[in-house]
Amino acid sequence: MKMLVHRIESSPELPFILNDLKSHLFIDFNDDDVSINSMGLTAAAEFEQFAQIALLTQTIRVTIFDPDRNSGLSLPIGPAAEDALVTVTIDGEAYTAFAFVGGNRPYIRWLADYHDLTPSRMMIEYEAGFGTTAADVPQDISQAVMDQAALHYAGRSPMDAKSLSTSPHMARIGARYRGVKI
């Protein structure tokens with residue numbers, strides 16, 4: 001089984017509040033707003049990748065080649081609302097014989113007739129994220145993103161690979177949201 005995951009951003013909003021980030025960096029001028037914004041976006045993307053979550057609502061497209069014939073599938077990016085619209089296509093045909101469970105770690109449970117199939121390619125699309133604005137992102141994640149951005153800001157243009165690191169706060173909070181997969 002090979003799984004490809006593609007994120008489709010659906011909001012032009014930032015996953016952080018620029019003025020809050022500047023305050024966290026002890027910056028009270030506007031000269032570096034473009035680079036601070038870029039560092040904030042980089043930190044947010046790093047958090048999303050590390051924790052395997054979506055901060056702001058986005059469409060997640062999962063393509064699976066030679067899917068397993070297990071009874072279900074843990075989806076790779078959370079959180080997803082319990083009533084999220086989920087579409088499944090198997091070998092180019094719409095498929096509806098599944099039950100979806102939303103939450104921090106969304107899951108699809110295949111119904112009985114799935115086991116009669118021999119799929120070679122499956123595509124699943126669903127929405128994941130905490131909401132559409134930075135205010136929807138949990139406070140602990142916002143703090144972790146700002147700490148990671150502060151690390152970028154303080155260590156701009158490092159000369160060695162050891163200087164490139166992850167904020168301990170981001171690692172701790174990210175691990176909490178990442179969850180355990182069985």
Checklist entry - Which angle between 0 and 90 degrees, to the nearest 10, do you get for helix 33-51 versus the longest principal axis of the chain when only C-alpha atoms count? => result 40
Item to check | Phi to ³J(HN,Hα) by Karplus 6.51 cos²θ - 1.76 cosθ + 1.60 over the range 2-8, Hz, x for Gly, Pro | outcome: 10, 10, 10, 10, 10, 9, 10
Item to check | Length added when fully stretched, Glu125-Arg69, from 0.36 nm per residue minus Cα-Cα | outcome: 18.3 nm
Item to check | Gained length - Asp83 relative to Ala99, 0.36 nm times residue gap less alpha-carbon distance | outcome: 4.7 nm
Checklist entry - Given only helices, namely DSSP H runs of n ≥ 4 each adding -39500 (n - 2.57), what is the per-residue ellipticity at 222 nm of the chain, to the nearest 500 deg cm²/dmol? => result -9500 deg cm²/dmol
Checklist outcome for this item: Quick calc, the range 1-124, dipole around Cα centre from Cβ unit charges on Lys, Arg (+) and Asp, Glu (-), nearest 20 debye, gives 480
Next on the checklist: Please give me the summed charge of the neighbours of Gln143: other residues whose Cβ is under 13 Å from its Cβ, Lys and Arg +1, Asp and Glu -1.
Outcome noted: -1
Checklist outcome for this item: If each K or R counts +1 and each D or E counts -1, the residues other than Ser167 whose Cβ falls under 13 Å of its Cβ total -2
Item to check | Selection of trypsin sites (Lys or Arg not before Pro), the range 1-84, meeting DSSP coil and at most 16 other Cβ within 10 Å | outcome: Arg69
Checklist entry - Using the beta-carbon distance between Ala45 and Asp116 and R0 = 41 Å, what value does 1/(1 + (r/R0)^6) give for FRET efficiency, to the nearest 0.05? => result 0.50
Checklist entry - Given Cα pairs under 8 Å that are at least 6 residues apart, what percent is the relative contact order of the chain? => result 28
Checklist outcome for this item: Expressed in nanometres to one decimal, the distance between label points 7 Å along Cα→Cβ at Arg176 and Arg109 is 2.9
Next on the checklist: Full-extension gain between Leu4 and Asp91, please, as 0.36 nm times their residue separation minus the C-alpha to C-alpha distance.
Outcome noted: 29.8 nm
Checklist entry - Rounded to two decimals, what is Rg over Rh for the chain when you use alpha-carbon atoms and the Kirkwood radius? => result 1.06
Item to check | Rg/Rh (Cα only; Kirkwood hydrodynamic radius) as it applies to the range 20-65 | outcome: 1.16
Item to check | Net charge contributed by nearby residues that have their C-beta within less than 13 Å of Val86 (K/R +1, D/E -1) | outcome: -2
Item to check | Within a Gaussian network of the chain (alpha carbon springs, distance under 10 Å), most fluctuating of Val88, Val101, Val34 | outcome: Val34
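Quick note: the coordinates plus some simple rules give every number you see, no bench work behind them. This is a predicted model, so every value here is computed, not measured. Virtual Cβ from ideal backbone geometry, glycine too; neighbours counted across all protein chains shown.
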